1. Looking at (1) without any contact (Cβ under 8 Å) to a residue 40 or more places away in the chain; (2) within 30 Å of residue 363 (Cα to Cα), which one does residue 227 not meet, given that it meets all the others?
2. Take the residues in region 267-319 that are in contact with a helix residue (DSSP H, G or I) (Cβ under 9 Å, 6 or more places away or on another chain) and assigned to a strand (DSSP E or B), then tell me which one is farthest from residue 368 (Cα to Cα).
3. Restricting to region 227-266, and then to whatever is over 23 Å from the mean Cα position of the chain (by Cα) and within 24 Å of residue 319 (Cα to Cα), can you tell me which residue is surrounded by the most Cβ atoms within 10 Å (Cβ to Cβ)?
4. Testing residue 122 on (1) modelled with pLDDT of 95 or more; (2) more than 25 Å from residue 40 (Cβ to Cβ); (3) more than 18 Å from the chain's Cα centre (by Cα), one condition comes back false. Which one is that?
5. Among 145, 156, 170, 198, which is the only one that is over 26 Å from residue 354 (Cα atoms) and touching a strand residue (DSSP E or B) at 6+ places or on another chain (Cβ under 7 Å)?
6. How about region 404-423: which of its residues are at pLDDT 90 or above and more than 14 Å from residue 385 (Cα to Cα)?
7. For region 30-47, give me the residue count where each residue is under 28 Å from residue 92 (Cβ atoms) and either modelled with pLDDT of 95 or more or within 22 Å of the chain's Cα centre (by Cα) (or both).
């Protein structure tokens, strides 16, 4: 049996290791699209602000890790698949025959349609090669423009701030991290950044990037839709990502926004599986296929795909959409249906002065989504209540009235307390203190 895994990110590496646990004798070929050892893109910001060296980004630290598991690791770029002949085509090499194939090709940065996006000094922050280019220009005090303040952009923002760059953020959406935060939370984050000295332009488009003469180290100018022109030594593009699926045209593998799979992560082509950021698997909050491009989901997909490829049939029950973000010391998070449902109910706790916010969304007596800013002790509780779908009973109404009683509710529900909840005084939890 020859298992071929296309993509050497968290999903691909986890799948290869899982297959080896189940099949000690099968041949495993792991193919990465970059001339690097398999690494985590989420570790790149730590590399940028000096917490780790390049080796610290590697998914596995032992140099002989893959050899010790008899996993052949090679470099190659996908050119196409013939699912009838069971052959994978790589640029510049012979076809690779497979018995079972996993597509774990991840995603690539979206390049905004703007003049000047290909100029020297304009880079993405997605690969180790990108990180090296950023490190050459992101000196202390260097004028840097970050285009995009979504989840990825905000992680990059943290790294550039830690390097001491003179930072300007431009976001076309009306608020920062618009896909994980509402107006209140996104507004808090923008205000926090401004108070830290970061210039933030939301609801603003980049019209063009221009080359200029040297101006205090700045060789670029970023023209904004609000009429301003921002000088820059470096422009970092973080305007979102799209799945790497273009090579699948004519392959028999069905693609929507991402690759369509069944509960066993099998695609429409026989013996071809998919996992990670290129894959549309089930969102546990909606019961529908979606692309949840976060590393924990990629790892989960990889493990399940590996089990199924090796013959241990294991269905995917669904993944929880969750994001936790550290922006210059301000922790924000969102879980599940953080925007709520029209027919549902919502509870809010807001402390604008102290950058603290908690929003709980309910459907019936279940917590279906949540978001928070400046509160950390409750993150595991929110995830547990949403992911398990516990019925809160009478605790739902208590949380509507007093969201700060989340810890009480969680303990009561987890321990099977009567649905009416306790009758005693409120517990003085960290959330209650924050709200005081």
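1. (2)
2. The extreme case among them is 273.
3. 253
4. (2)
5. Only one candidate qualifies: 145.
6. The one that is at pLDDT 90 or above and more than 14 Å from residue 385 (Cα to Cα): 404.
7. Residues meeting the conditions: 12.
Residues are listed down the side, and each one gets a yes or a no for (1) surrounded by 21 or more Cβ atoms within 10 Å (Cβ to Cβ); (2) farther than 29 Å from residue 195 by Cα:
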residue: 298; (1), (2): yes, yes
residue: 301; (1), (2): yes, yes
residue: 343; (1), (2): no, yes
residue: 359; (1), (2): yes, no
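The values are calculated or read from the model by the stated rules, or taken from the named source; none is laboratory data. Please read all numbers here as calculations on a predicted model, not as lab measurements. Glycine also receives a Cβ, built like all others from the backbone with ideal geometry; neighbour counts cover every protein chain displayed.
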